[in-house]
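The values are calculated or read from the model by the stated rules, or taken from the named source; none is laboratory data. Given the structure is predicted, the values throughout are model-derived calculations rather than measurements. Please note: Cβ atoms are built from the backbone with ideal geometry, for glycine as well, and neighbour counts cover all protein chains shown. Each accessible area value is taken on the protein alone, full model and side chains, heavy atoms only, with ligands, DNA and RNA left out. Shrake-Rupley method; radii C 1.70, N 1.55, O 1.52, S 1.80 Å.
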Amino acid sequence: MRILNVITSNPGKLVEFQRALGNDFELVHLPVGYTEVQTDSLEEVVERGIDELLSRGLDDFIIDDSGLFVDSLSGFPGVYSAYAFKTLGNAGLLRLMEDERNARFRCCIGCHTAEAGRLVVCAECPGSITRDLRGTDGFGFDPVFVPDGQDLTFAEMGLADKNHISHRGLAITAFARELGGRLDR
Ligand code: ITT
């Protein structure tokens with residue numbers, strides 16, 4: 001089975017990658033970091049992250065930059081989601097909200113393998129911010145986000161259902177299809 005090194009400091013992402021890709025790849029958690037450049041584009045963070053990791057001699061890896069973009073907050077916390085989660089948390093985000101509650105999660109997955117080259121895939125999941133914290137599964141902003149067309153938050157629905165519709169689940173599915181196609185060629 002092909003090895004893919006998962007480079008993340010976030011155990012929640014790791015679990016979601018394992019669940020979605022674990023049958024096709026041997027996923028190895030690599031505890032190294034990379035510089036997240038200051039930009040409002042997740043895609044650029046991922047592209048530059050790939051460049052840096054390659055320049056350090058690493059290969060066969062997958063990385064993920066993601067965030068929650070709240071319409072009424074002009075896209076905040078967006079690329080600052082990890083920092084905002086650490087400092088404000090879910091309760092702090094709810095305090096910032098007024099009546100208009102539309103938001104979207106976005107995820108960009110970047111990968112480089114010796115065999116398949118470079119691949120960057122992004123996806124998003126539109127939804128809304130709840131008025132209270134709901135549910136205990138998942139990580140980060142999961143307890144305050146209800147995807148469009150659903151009644152449950154990501155933290156209430158469980159990992160299998162979240163992966164089906166989430167920004168990361170959609171990005172992983174597109175990523176796996178493209179990578180699989182390149183490896184079979
Ligand atoms: P890396 O080491 O992979 O960068 P990180 O947690 O710092 O891990 P990001 O910079 O991509 O990751 O920050 C994204 C933040 O957005 C993350 O810390 C969560 O707070 C939030 N987030 C991203 N995806 C999420 C999801 O599926 N559910 C809930 N919160 C999510």
**Prompt:** For the stretch 21-45 and the stretch 86-164, what is the separation of their Cα centres, given in Å?
**Reply:** 17 Å
**Cα→Cβ-extended label distance, 7 Å offset, between Asp71 and Arg182, nm** = 3.5 nm
**Message:** If amide hydrogens are placed 1.01 Å from N in the peptide plane, which non-local residues have theirs closer than 5 Å to the one on Val6?
**Reply:** Val28, His29, Leu30, Ile62
**Message:** Tell me the angle of helix 167-184 to the major Cα principal axis of the chain, expressed in degrees between 0 and 90 and rounded to the nearest ten.
**Reply:** 10 degrees
**Request:** Would you look at the GNM of the chain, springs on alpha carbons closer than 10 Å, and say which of Phe69, Phe85, Phe175 moves the most?
**Result:** Phe85
**Asked** What FRET efficiency do you get for Ser55 and Phe139 if R0 is 41 Å and r is their Cβ-Cβ distance, rounded to the nearest 0.05?
**Response** 0.85
**Item:** More than 14 Å apart - percent of Cα-Cα pairs taken over the stretch 29-115
**Value:** 67 percent
**Message:** Between Val37 and Asp151, what is the label-point separation in nm under the 7 Å Cα-to-beta-carbon projection?
**Reply:** 4.6 nm
**Message:** If I fit a long axis through the Cα atoms of helix 11-21 and take the longest principal axis of the Cα atoms of the chain, what angle between them do I get, 0 to 90°, rounded to 10?
**Reply:** 60 degrees
**Request:** Using a 1.4 Å probe over the heavy atoms of the protein chains, calculate the carbon and sulfur portion of the accessible area of the chain as a whole percent.
**Result:** 48 percent
**Request:** Calculate, in nm to one decimal, what Asp24 and Ala82 gain on full extension: separation in residues at 0.36 nm each, minus their alpha carbon distance.
**Result:** 18.0 nm
**Prompt:** Taking the Cα atoms of the chain alone, what are Rg (to one decimal) and Dmax (as a whole number) in Å?
**Reply:** 16.3, 51
**Message:** Nearest 10 degrees is fine. How inclined is helix 42-55 to the longest principal axis of the chain, computing both from alpha carbons?
**Reply:** 30 degrees
**Message:** Can you list, by residue number, the Cys in the chain that have no neighbouring cysteine C-beta under 4.7 Å?
**Reply:** Cys107, Cys111, Cys125
**Request:** Please list the non-local residues whose amide H lies under 5 Å from the amide H of Phe69, H modeled 1.01 Å from N, same-chain partners needing a gap of 5 or more.
**Result:** Gly78, Arg104, Phe105, Arg106
